[in-house]
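Asker: Okay, handing you the structure first.
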Amino acid sequence: MAELVTIERSDRIASVILNRPERLNALTFAMWQEIGTIFSRLETDEGLRCIILRGAGGKAFAPGADISEFAERRSNSALARDYGHVMHRAMTAIDDSRHPTVAAIEGVCVGGGIELAMLCDIRICGEGSRFGVPINRIGVTMAYPEIGALIARVGRQVALEILLEGRVFGAAEAKEKGLVSRIVPDGKVLDEAYETANRIAAGAPLVNRWHKKFARRLMDPKPLSPAELDEPYQTFDTDDFREGYQAFLAKRTPEFKGK
C-alpha cells in the first residue's frame, strides 16, 4: 500500500505530499497523524531551509476530510474529540515550524485542506483553484484552534463569512480574502512553489527562522521584554552575517551555513 503522506528531499528543500490522488487527497485520521509526525521530525533538521506542502496528482490540494471515516472515527463527541486532538497536533507542528513553509495549492482546497494550507507562511495557488469551508452542510463545527488559525489569516469578519455561508469560491476571491499569497496559471503552481522555496533557501536560514519567530511573537499583545528587544541584534554575532556582508562586498554568492 502506498504511503498516505510522503516526503521528497531535494538538497535544502523538503516536500511533504498528501498522497491519495485517487480520492483527491481527502484527509484521513492516519494522514493527520503522519503530517504531525513528519513536521515534528523535520523541525530538528538543521540542513533544511524550506518545506513545501502539496497534494499529489495535480487535481487537488485536499477536499477536506474523508467522510467515509466518520462512522468509525467521528460518530460521537468522544471520538470527534480524539480525532480533533490529532488534527490540532498536526496543525500546531506546521504553524510552529521554525522552517519557512510554502503551500502549493492545485485545484480543490476545501475544509481540512484550507486548515492545512492556511498554516503555511506563503500560499500559492492556480487560477482554477477552489476554496471554501462548507461544513455547516454536514452539521460539523470547526473547533477553537481551527477557527483561531482562520481568524489569524483573514480576520473575524471574513472567517465568519466563510463559515456561515459555506460557499465555495475561486482563486481571485481567496486572494482578496487573504487565504492565498499569490495566484499563477494552472500548471505552474509547482514551478512557482519551488522557485519560491529556492529563493528562501538562498537566504540566511537563521535570519529566516528569526523573522518567523519575531512575527509570531508580535501576534501576542504582551509587551516585549528587554531580552526580546535585544534578540534581533544577535544576528551580528553569527558566521552567516560575516559571510553575507563579505560576499556582498566581494560581489559573490554567499554560502550560508546556519551558524
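Asker: Amide H neighbours of Cys50 under 5 Å, at least 5 residues apart or on other chains, H built in the peptide plane: list them.
Answerer: So Cys50 has HN proximity to Ala14.
Asker: Once the Cα atoms of helix 156-165 and of the chain are each reduced to a long axis, what angle between those two axes, in degrees from 0 to 90 to the nearest 10, is obtained?
Answerer: 30
Asker: Let me ask something else. Given the rule -39500 (n - 2.57) for each run of at least 4 DSSP H residues, summed and divided by the residues of the chain, what is its mean residue ellipticity at 222 nm, to the nearest 500 deg cm²/dmol? Don't jump to the answer; show the numbers that get you there.
Answerer: Working: 11 runs with 114 residues, N = 259.
Mean residue ellipticity at 222 nm (helix-derived): -13000 deg cm²/dmol.
Asker: Within segment 1-86, report the GluC sites (Glu not before Pro) that DSSP leaves as loop and that have at most 12 other Cβ atoms within 10 Å.
Answerer: Numbers: sites: Glu3, Glu8, Glu22, Glu34, Glu43, Glu46, Glu69, Glu72; in loops: Glu3, Glu43, Glu46.
Sites meeting the loop and neighbour criteria: Glu3, Glu46.
Asker: Using only C-alpha positions, report the orientation-averaged shadow area of the convex hull of segment 211-259, nm², one decimal. It would help to have the intermediate numbers written out before the result.
Answerer: Values: hull surface 16.6 nm².
Its Cα hull, projected and averaged over all orientations, spans 4.1 nm².
Asker: A follow-up question, please. Report the gain in length on full extension from Arg209 to Ala143: 0.36 nm times residue separation, minus Cα-Cα distance, nm rounded to one decimal.
Answerer: Working: separation 66, 0.36 × 66 = 23.76 nm, distance 2.85 nm.
Gain on stretching Arg209 to Ala143: 20.9 nm.
Asker: Give me the one-decimal nm value for the distance between modelled label points at Ile7 and Glu243, 7 Å along each residue's Cα-to-Cβ direction.
Answerer: Result for the modelled spin labels: 2.2 nm.
Asker: From the P(r) of segment 93-172, could you give the percentage of C-alpha pairs in the tail past 15 Å? Before the final figure, lay out each step's value.
Answerer: Values: 1788 of 3160 pairs.
When all Cα pairs of segment 93-172 are counted, 57 percent exceed 15 Å.
Asker: Among Ile13, Ala62, Tyr144, pick out the residue whose Cα is farthest towards the positive end of the charge dipole of segment 5-201, where Lys and Arg carry +1 and Asp and Glu carry -1 on C-beta, about the Cα centre.
Answerer: With unit charges placed on the Cβ atoms, the residue in question is Tyr144.
Asker: Take every Cα pair under 8 Å in the chain that's 6+ residues apart, average their separations, divide by the length, and report that relative contact order as a whole percent. Intermediate values should be presented prior to the final figure.
Answerer: Details: 427 pairs, mean separation 42.3, N = 259.
Relative contact order for the chain comes out at 16 percent.
Asker: When DSSP assigns beta bridges and you keep just the ones with both residues in the chain, what percent turn out antiparallel, to the nearest 5? Write out the running numbers ahead of the final one.
Answerer: Numbers: 8 of 31 bridges.
Around 25 percent of the beta bridges assigned by DSSP in the chain are antiparallel ones.
Asker: While we're looking at this one, here's another question. Using the Kirkwood formula over every pair of different C-alpha atoms, what hydrodynamic radius in Å results for segment 1-118? Could the numbers behind the result be given before it?
Answerer: Details: mean 1/r = 0.0697 Å⁻¹.
That comes to 14.4 Å for segment 1-118.
Asker: Also, quick follow-up: Name the residue from Gly155, Phe39, Ile105 whose Cα lies farthest towards the positive end of the charge dipole of the chain, charges +1 on Cβ of Lys and Arg and -1 on Cβ of Asp and Glu.
Answerer: Looking along the dipole axis, the top candidate is Gly155.
Asker: Also: Counting pairs of Cα atoms in segment 166-259, how many percent are more than 21 Å apart?
Answerer: 56
Asker: If you count, for each residue, the other Cβ atoms within 10 Å and average over each peptide, how do 143-156, 229-242 line up from highest to lowest? Walk me through the numbers before you get to the answer.
Answerer: Numbers: 143-156: 16.1, 229-242: 12.6.
Those peptides, ordered most packed to least, come out 143-156, 229-242.
Asker: Just need log10 I(q)/I(0) for segment 5-201 at q = 0.11, 0.12, 0.16, 0.19 Å⁻¹, Debye formula, equal scatterers on the alpha-carbon atoms, no solvent, rounded to two decimals.
Answerer: Result of the Debye calculation: -0.44, -0.53, -0.99, -1.43.
Asker: While we're here: Once phi is turned into ³J(HN,Hα) by the Karplus curve 6.51 cos²θ - 1.76 cosθ + 1.60 with θ = phi - 60°, what whole-Hz value does each residue of segment 14-28 show in order, with x for glycine and proline?
Answerer: Once θ is set to phi - 60°, the couplings for segment 14-28 become 10, 10, 9, 10, 6, 10, 10, x, 5, 10, 6, 6, 4, 7, 10 Hz.
Asker: Quote to one decimal, in nm, the extra length available between Ala30 and His85 on full extension: 0.36 nm per residue of separation minus the C-alpha distance between them.
Answerer: Working: separation 55, 0.36 × 55 = 19.80 nm, distance 1.27 nm.
Gain in length upon complete extension: 18.5 nm.
Asker: Still on this structure, I have one more. Any idea what the dipole of the chain comes to, in debye rounded to 20, about its Cα centre with Lys/Arg Cβ at +1 and Asp/Glu Cβ at -1?
Answerer: Numbers: 35 positive and 36 negative charges, 52 e Å.
Dipole magnitude for the chain comes out near 260 debye.
Asker: How high is the relative contact order of segment 148-256, in percent, with contacts defined as C-alpha pairs under 8 Å that are six or more residues apart? Intermediate values should be presented prior to the final figure.
Answerer: Numbers: 38 pairs, mean separation 17.6, N = 109.
Dividing the mean separation by the residue count of segment 148-256 yields 16 percent.
Every number in this text was worked out from the coordinates using simple rules, so none of it is lab data. Everything numeric here is computed off the predicted structure, so don't read it as measured data. For neighbour counting, all protein chains shown are included, and Cβ atoms are generated from backbone atoms with ideal geometry for every residue, glycine included.
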